[in-house]
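> I'd like to ask you about the structure that follows.
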Amino acid sequence: MLRKSNATSKTSTAALRWFASTSSSSSGAETKPLFNKILIANRGEIAIRVMRTAKRLGVKTVAVFSEADRDAQHVKMADEAYLIGPAASAESYLRMDKIIQVAQRSGAQAIHPGYGFLSENAAFADAVTKAGMAVKGGGGKGMRIVQNEAEFYEMLESSKREATKSFGDDTVLVEKYIIRPRHVEVQVFADTLGNAVYLFERDCSVQRRHQKVLEEAPAPHLSPELRADLGAKAVAAAKAVNYVGAGTVEFILDTSTNQFYFMEMNTRLQVEHPITEMITNTDLVEWQLQVASGNRVPKVQDELSIDGWAFEARIYAENPDNNFLPDTGPLRHLSFPQASNVVRVETGVQQGDTVSVHYDPMISKLVVKGSDRTEALRVLRKALGEFEVVGLNTNIEFLKRLSSHPEFISGDVETGFIPKFYNDLFPAPTATSPFTLAHASLVLFSSLLPSTTTSAADPWNASSLGGFRLNSASGSTRTFRFLENNKEVRVDVTAGKQATGTYDVYVTDVNGLRTEFRGARVLQFDAGDGGMIVADVGDRRVKGRVVKDGEKVHVFSEGTKITLQLAADPAAVVSGSNVAAGSVKTPMPCKISSLSVTAGDTVTKGQNLIILEAMKMEHVIKSPKDGVIKRVHYKVGDIVAEGKVLVSFEEE
């Protein structure tokens, strides 16, 4: 297995030291003041996460941003913000010289690296120290599994390219690949006074594309002896390199033997650090600031214990049904679960922001806690049902299925969990219930009626739906057509004569079966809130939100999301295939990273044609058939939108 290396270094980038006087005294009796101002060399939710703790402690924050991030939330939240370059990471967030210059210019006393970008760059840590202030790898970037000798060099080059774009370094390790592993990592913390502790472990086994999607703490089914052994060895590893600050020692646990192997040490705060905070009742960013200021770790080992169970679900802009390919675009509608002492949402975006092709596709992190694993899972599933995203594809529905799977509920996890239970996690599509179609149509119909809550600029006004209504002469009946597996479903809504707000709804499915909901009542409708409705449909009362986005209608109700496709007429039916006859199209917005063919080349089915880059990950486009290349439509470096023809074939 090829993996981006994490070079070991005695200088921890998480130490955050810059002009911070440290003491070699072992007593640690004197508490030193924290910094007055820190620079956060990162973006998005982790930058906001650090700022939140800094503000609570009275520490001023300095943000850096690229041209693509001028209006980003971390820029708005910081006390000061500085432009450091174009959208590409290599010209902005990976430019250590620019970041150090901003730190000096702003008067920041320390640099917090967050995670990703320069967070594990030993050269950056050295440069910060030399400037008077404060190994690479992670996130699955640059990882490739080599199944046979023939593909080794191809995988090696791909791994090096991806690693260079993500971390500015192409050093690669070759490791043994364990077939049924668990990914278990231990949070450690060490100070400059010789103290080091572990804050227990996290299980990060459920992954796609070698990237974590669902983590939990503590790890399920570990004996107390194994847990203590993992913790002791993690602390020993930290002490062996005189480590200072927050770090994670990662292990591969063989599920067949229960033997564990050291994999690497991540010298930074991990994406999943909130679940450790939840079960230990700590603030690890505050710990970082304390230790970087020369103080001892806030708690010794005997003062640390596990309190409850926690899960973190990463909400990504991606399409699980299309091999988890990342997605980009505007967040037209975004609603988070209600935060509480057991539900925490970490995010760097808000409604109206755009997920860019330039950076990681994570929208937010959902962190939940329960008194035990069963309760925590229950809280997780409920909170996932309260997440609402419209504008691009997400993995939310997939996470609901994953967290509800019996084997996951039992705690029988491994890194191959998703492919092992693929058929369960990706079931065949089922027909939308007449009840849901009636619910959506009631909202669409209500939006056409005069209302004090509907303005001329509202997306729910009559003009926005003009192409989807018939029988407009009487004004009392509307017909809405939806596509179900490329076949039309018809819904007729008629305003009842008995009383205002009463409707008769008739749903005719693809087989001609008609379902009637007579006397449906709309009790409350608010067009200004994305189409929130409370209604009686048949013998059920429903409360939910219906959001129209172009020709799609998204129904959020009772913890589920159902997306419906509107059709003006049967001619609107189109195929959803990414590969049209005689051509290959882009599966997502991307950048052309590498071309393997030119016009006139003869290719075979499965042969590599083009390597695309999206959100710092490489994606190989293979030939769908044997044939001759007629035209390559783009060159290396081009930014290409989704659904564009990349390669055309000669006609057979």
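> All but one of (1) assigned by TED's automatic domain parsing to the domain that holds Arg381; (2) under 25 Å from Leu222 (Cα atoms); (3) not β-branched (Val, Ile, Thr) hold for Asn266; which doesn't?
It is condition (1) that Asn266 fails.
Each row is one residue, and each column tells you yes or no for (1) surrounded by 22 or more Cβ atoms within 10 Å (Cβ to Cβ); (2) under 25 Å from Arg540 (Cα atoms); (3) at pLDDT 90 or above.
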| residue | (1), (2), (3) |
| --- | --- |
| Leu425 | no, no, yes |
| Phe435 | no, yes, yes |
| Val443 | yes, yes, no |
| Leu449 | no, yes, no |
| Pro459 | no, no, no |
| Ser464 | no, no, no |
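> Which residue is surrounded by the most Cβ atoms within 10 Å (Cβ to Cβ), if the candidates are limited to segment 50-67 and must be of a type in the set (Gly, Ala, Ser) and touching a His at 6+ places or on another chain (Cβ under 9 Å)?
Looking at residues that are of a type in the set (Gly, Ala, Ser) and touching a His at 6+ places or on another chain (Cβ under 9 Å), I get Ala63.
> Asn423 passes all but one of (1) assigned to a strand (DSSP E or B); (2) more than 19 Å from the chain's Cα centre (by Cα); (3) of a type outside the set (D, E, K, R); which number fails?
Only one criterion is unmet by Asn423, namely (1).
> Please count how many residues of segment 67-109 are in a loop (DSSP other than H, G, I, E, B), small (Gly, Ala, Ser) and more than 27 Å from Glu162 (Cβ to Cβ).
Final tally of qualifying residues: 3.
For (1) touching a Phe, Trp or Tyr at 6+ places or on another chain (Cβ under 6 Å); (2) surrounded by 21 or more Cβ atoms within 10 Å (Cβ to Cβ), each residue gets a yes or a no:
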site: Ser371; (1), (2): no, no
site: Thr374; (1), (2): no, no
site: Leu380; (1), (2): yes, yes
site: Ser410; (1), (2): no, no
site: Thr415; (1), (2): no, yes
site: Ala428; (1), (2): no, no
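> While we're on this one: Please go through segment 342-360 and pick out each residue that is buried (at least 19 other Cβ atoms within 10 Å of the Cβ) and at pLDDT below 90.
Val357, His358, Tyr359, Asp360
> Of the numbered conditions (1) surrounded by 21 or more Cβ atoms within 10 Å (Cβ to Cβ); (2) closer than 27 Å to Lys591 by Cα, Ile38 fails exactly one; give the number of that condition.
If we test Ile38 against (1) surrounded by 21 or more Cβ atoms within 10 Å (Cβ to Cβ); (2) closer than 27 Å to Lys591 by Cα, just (2) comes out false.
> Taking segment 263-280 only, how many residues are outside any helix (DSSP H, G or I) and under 22 Å from the mean Cα position of the chain (by Cα)?
Here the count works out to 7.
> Taking segment 619-652, which residues are hydrophobic (A, V, I, L, M, F, W, C) and part of a strand (DSSP E or B)?
Correct list: Val620, Ile621, Val628, Ile629, Val632, Ile639, Val640, Val645, Leu646, Val647, Phe649.
> Okay, next question. Of the residues Leu399, Leu392, Leu380, which single one is closer than 21 Å to His273 by Cβ and either part of a strand (DSSP E or B) or touching a Gly at 6+ places or on another chain (Cβ under 9 Å) (or both)?
Going through Leu399, Leu392, Leu380 in turn, just one is closer than 21 Å to His273 by Cβ and either part of a strand (DSSP E or B) or touching a Gly at 6+ places or on another chain (Cβ under 9 Å) (or both): Leu380.
> Take Asp372 and tell me if it is farther than 30 Å from Pro220 by Cα and of a type outside the set (Ser, Thr, Tyr).
no
> I've got another one for you. Quick check on segment 370-387. Is at least one of its residues at pLDDT below 95 and over 21 Å from Arg332 (Cβ atoms)?
Looking for residues that are at pLDDT below 95 and over 21 Å from Arg332 (Cβ atoms), one finds none in segment 370-387, hence no.
> OK, next. In this structure, does Ile592 turn out to be at pLDDT 85 or above, of a type outside the set (D, E, K, R), in contact with a Phe, Trp or Tyr (Cβ under 6 Å, 6 or more places away or on another chain) and not assigned by TED's automatic domain parsing to the domain that holds His210?
Yes; evaluated as a whole, the condition is true for this residue.
> Find all pairs meeting these conditions: Cβ atoms under 7 angstrom apart; at least six residues apart or on different chains; first residue within segment 623-639 and over 15 Å from Thr586 (Cα atoms) and assigned by TED's automatic domain parsing to the domain that holds His358; second residue of a type outside the set (A, V, I, L, M, F, W, C) and surrounded by 15 or more Cβ atoms within 10 Å (Cβ to Cβ).
Nothing qualifies.
> Let me ask something else about it. Any idea which residue in segment 526-551 is modelled with the lowest pLDDT, counting only those that are in contact with a Lys or Arg (Cβ under 7 Å, 6 or more places away or on another chain) and surrounded by 15 or more Cβ atoms within 10 Å (Cβ to Cβ)?
Gly530
> Another one. Could you look through segment 526-560, keep only residues that are out of contact with any helix residue (DSSP H, G or I) (no Cβ under 9 Å at 6 or more places or on another chain) and in a helix (DSSP H, G or I), and pick out the one that is farthest from Phe336 (Cα to Cα)?
Only one residue fits best here, namely Gly528.
> Quick one: is Lys630 at pLDDT 90 or above, basic (Lys, Arg) and more than 24 Å from Ala88 (Cα to Cα)?
Judged against the criteria, Lys630 is a match.
> Right, next: Of the residues that make up segment 307-317, is at least one more than 30 Å from Thr280 (Cβ to Cβ), of a type outside the set (Gly, Ala, Ser), in contact with a helix residue (DSSP H, G or I) (Cβ under 7 Å, 6 or more places away or on another chain) and not in a strand (DSSP E or B)?
no
> List every residue pair whose Cβ atoms lie under 8 Å apart, where the two residues are 6 or more positions apart in sequence or sit on different chains, the first residue falls within segment 337-362 and is at positive phi, and the second residue, located anywhere, is of a type in the set (A, V, I, L, M, F, W, C) and assigned to a loop (DSSP other than H, G, I, E, B).
Filtered contacts from segment 337-362: Gly352/Leu331.
The values are calculated or read from the model by the stated rules, or taken from the named source; none is laboratory data. Please read these numbers as outputs of a predicted model, since none were measured by experiment. No Cβ is skipped: glycine too gets one built from the backbone with ideal geometry, and neighbour counts run over all protein chains shown.
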